[in-house]
Amino acid sequence: MATKKEEKNFEESLLELEGIVKTLEAGNANLDDAIEMYSKAMGLIKNCSDKLNKATEKVNKILKENGDLENFEMEEQ
């Protein structure tokens with residue numbers, strides 16, 4: 001199992017997830033392998049989701065002129 005230091009980045013996780021999905025969609029895996037791949041995919045999905053949420057939080061912050069961070073909010077038009 002990968003440690004925090006060895007954790008895959010978003011792009012690596014997404015590529016691996018896409019590979020698993022293609023394999024499962026092809027239907028060529030036996031049941032035990034399919035269950036193992038599904039479990040791995042769910043972990044990758046959580047990893048990607050966590051990374052996206054963290055990135056979203058960072059993007060939603062803007063630096064005010066006085067140096068304080070505040071949440072970015074879009075004005076509706």
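Within the set of pairs 6 or more residues apart or between chains, which connect a residue that is in a helix (DSSP H, G or I) and surrounded by 17 or more Cβ atoms within 10 Å (Cβ to Cβ) inside the range 44-57 to a residue that is at pLDDT below 95 and of a type in the set (Asp, Glu) with Cβ atoms less than 9 Å apart? Close Cβ pairs (under 9 Å, with a partner that is at pLDDT below 95 and of a type in the set (Asp, Glu)) amount to 47/7.
In this entry, residue 29 passes the filter for residues that are in a loop (DSSP other than H, G, I, E, B), surrounded by 12 or more Cβ atoms within 10 Å (Cβ to Cβ), modelled with pLDDT under 95 and not basic (Lys, Arg).
The values are calculated or read from the model by the stated rules, or taken from the named source; none is laboratory data. These figures come from a predicted structure and were not determined experimentally. Heads up, the Cβs are rebuilt from the backbone with ideal geometry, glycines too, and the neighbour counts pull from every protein chain shown.
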